[in-house]
Structure formats: structure tokens, C-alpha cells
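Worksheet: one structure, shown below.
Just so it is clear, none of the values below were taken in a lab; they were calculated from the coordinates. Predicted, not measured: the structure shown is a model, and the values here were computed from it. All Cβ positions, glycine included, derive from the backbone under ideal geometry; neighbour counts span all protein chains shown.
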Amino acid sequence: MARICQVSGKRTRSGNNVSHANNKTKRKFFPNLQKKRFFMESTGQWVTLRVATSVIKTVNKNGLELTVQKAYQRGTLSV
């Protein structure tokens, strides 16, 4: 499974490790993905998603339906 958030679309980024001598070596920055169960109140079902922790905070604040709806409008939803 790819390291991509199913709601926000966050994915692995590339960058550099920079030493004190300013030597640069390639590295990867991974999103903090967690497997999380959410309850869909409209359908009465549990949904398991692999999402970033920032999305979990957004769902707790705004609700799952609104968060998924906004992600669908942005085109970042990948379920």
C-alpha cells in the first residue's frame, strides 16, 4: 500500500539530510499515517481509512462527512 493519505492526498516527499559540513544526501519525508476507524452517522457504518494525523484532528473538529465532502471537491479523495 502506498504511503498516501486517503483524504488529504499527503504523500512521501523527498529532501536532503544536511550535515554540519553542508554535505547533502537524499532522504524521504513520510507523512504520519494512521489506520483509523470513523463512524459515518449518515449511513450508521464504521469506515476504516488510512489518514494523516492532521486529518484526524480535522475530522474531530468538523466531522467526517464535511471533511470527505471538501476533499472530494478538491479532488484529493482516493478511496
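Report yes if Lys61 is in a strand (DSSP E or B), of a type in the set (D, E, K, R), free of Cβ contacts under 8 Å to residues at least 24 places away in the same chain and under 19 Å from Leu77 (Cα atoms), otherwise no. Here the answer is no, as Lys61 does not meet what is asked.
Name the residues in the stretch 42-57 that are part of a helix (DSSP H, G or I) and out of contact with any strand residue (DSSP E or B) (no Cβ under 9 Å at 6 or more places or on another chain), would you? Quick ask: steps written out before the conclusion?
Restricting attention to the stretch 42-57, the residues satisfying the condition of being part of a helix (DSSP H, G or I) are 53-57.
Result: Ser54, Lys57.
Taking every residue in the stretch 64-79 that is free of Cβ contacts under 8 Å to residues at least 60 places away in the same chain and pairing it with any residue that is surrounded by 15 or more Cβ atoms within 10 Å (Cβ to Cβ), at least 6 positions away or on another chain, the pairs with Cβ-Cβ distances below 6 Å are Leu64/Phe38. Of everything in the stretch 27-57 that is among the hydroxyl-bearing types (Ser, Thr, Tyr) and free of Cβ contacts under 8 Å to residues at least 24 places away in the same chain, the residue that is surrounded by the fewest Cβ atoms within 10 Å (Cβ to Cβ) is Ser42. Of all the criteria given as (1) surrounded by 15 or more Cβ atoms within 10 Å (Cβ to Cβ); (2) within 19 Å of Ala2 (Cβ to Cβ), the one not satisfied by Thr67 is (2).
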